[in-house]
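Read the figures in this text as sums done on the coordinates, not as results from a lab. Just so we're clear, the structure is a prediction, and the values are computed from it rather than from any experiment. So basically every Cβ, Gly included, is an ideal-geometry build from the backbone, and we count neighbours across all protein chains shown.
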Amino acid sequence: MAIPDFQSIMLPLLALTGDGQIHEIHDATNQLAEHFSLSEEEQAKLLPSGQQPVFYNRVGWARTYLKKAGLLEDPKRGCFKITERGNQVLARNPAKIDMGFLRQFPEYIEFREAVRDHEGEIRDEDLGELTPEEALENAYQKIRTDLSESLIRYVTNSTPGFFEKLVVELLVKMGYGGSQRDAARVVGQSGDEGIDGIIDEDRLGLDSIYIQAKKWRKAAPIGRPEIQKFVGALQGKRAKKGIFITTARFSAEARDYVNSIDIKVVLIDGTRLAELMIDHGVGVTTSTTYELKDVDTDYFGEGSGGAEEDEE
């Protein structure tokens, strides 16, 4: 089945604690994964940031909301158990527990009002099925996608000389060619709608990589014939490695071809080029920075007693 949203996890999680025992979040996550019949692949699926499994994140937020409503409590670090109010809720045998259900508890209302003070008027239903981290990461990915599209347009409209400079700077920031001056010296040949040259694979110059860069304005993708020409040039130089960079995209035949030859050829299309520019800070500037912080439980140690721990 699909990974349940964090609100759908609330009732099964509370029911899991109905035994009155102290539970640990990792063990509870594994038990809930069995309850929802999640596959190993579904359990391993990560948030866009790659920092945490989606299901683990959703279980953590389900636990947090239940705690804010007074249905769960933290008896000690990293663990939780049901409260008397939680037992009373289970005794009512609710069909489901979601954010709307939790609004009957004053502690939850106070928690949501505190969130509104920081975030503006946000209704529970506005969150939908996403946890706060998922909503934030989805928004980040949308901004990144829009930025990538803008970068591709700017690069496509740039001059061949500027495109050469851009590629050189990007490769240097990725660790190739040593210094900017050295890289510019070895990647100095401007060609029709792009650049062709050689760059050291590392700062010591132990191996060389041949590069072809094309600004491609045609509607059709770059096909196998263009890549074959590049490979032929590599063979003529007895080169073993090459990078073909374009502002457009490659056809499936072109990608299949490079996977079938002995020479190592890396294809970087416009989308990948924009991603590398963003990751290595080429042609972009930081407008705003946000930090997500977590409680450092090692700082508090055992002396923290029953201090609340937010792992989300």
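Summary table below
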{"quantity": "Cα-projected label distance for residue 95 with residue 252, points at 7 Å along beta-carbon direction, nm", "calculated": "4.6"}
{"quantity": "Ranked packing of 3-12, 263-272, most packed first, by mean Cβ within 10 Å", "calculated": "3-12, 263-272"}
{"quantity": "Calculated from backbone phi, Karplus (6.51, -1.76, 1.60) coupling profile of region 257-270 in Hz, x at Gly/Pro", "calculated": "5, 5, 7, 10, 10, 6, 5, 7, 10, 9, 9, 10, 8, x"}
{"quantity": "Nearest-0.05 FRET efficiency for residue 49 and residue 228, computed from C-beta distance (R0 45 Å)", "calculated": "0.70"}
{"quantity": "Table column - 3J(HN,Hα) (Hz), region 26-34, Karplus curve with 6.51, -1.76, 1.60, x for Gly and Pro", "calculated": "5, 5, 4, 4, 5, 5, 5, 4, 5"}
{"quantity": "Straight-distance crosslink candidates among lysines, where the alpha carbon sits under 16 Å from residue 68 and sequence neighbours closer than 8 are dropped", "calculated": "81"}
{"quantity": "Virtual paramagnetic centre 7 Å along Cα→Cβ of residue 156, amide N under 11 Å, in region 266-286", "calculated": "270-271"}
{"quantity": "Lysines whose Cα lies under 17 Å from that of residue 215, excluding same-chain neighbours fewer than 8 positions away", "calculated": "165, 229"}
{"quantity": "Under 12 Å, Cβ to Cβ, from residue 231 - net charge with Lys/Arg +1 and Asp/Glu -1", "calculated": "+4"}
{"quantity": "Chain lengthening between residue 140 and residue 88 when straightened (0.36 nm per residue, less Cα-Cα)", "calculated": "14.7 nm"}
{"quantity": "Under-5 Å amide H pairs with residue 243, H placed in peptide plane, nonlocal only", "calculated": "210, 211, 212, 266"}
{"quantity": "Out-of-range pairs (alpha-carbon distance over 18 Å; input 240/264; 214/237; 45/67)", "calculated": "214/237; 45/67"}
{"quantity": "Debye intensity ratio I(q)/I(0), log10, region 132-171, q values 0.14, 0.22, 0.35 Å⁻¹ (C-alpha model)", "calculated": "-0.46, -0.71, -1.03"}
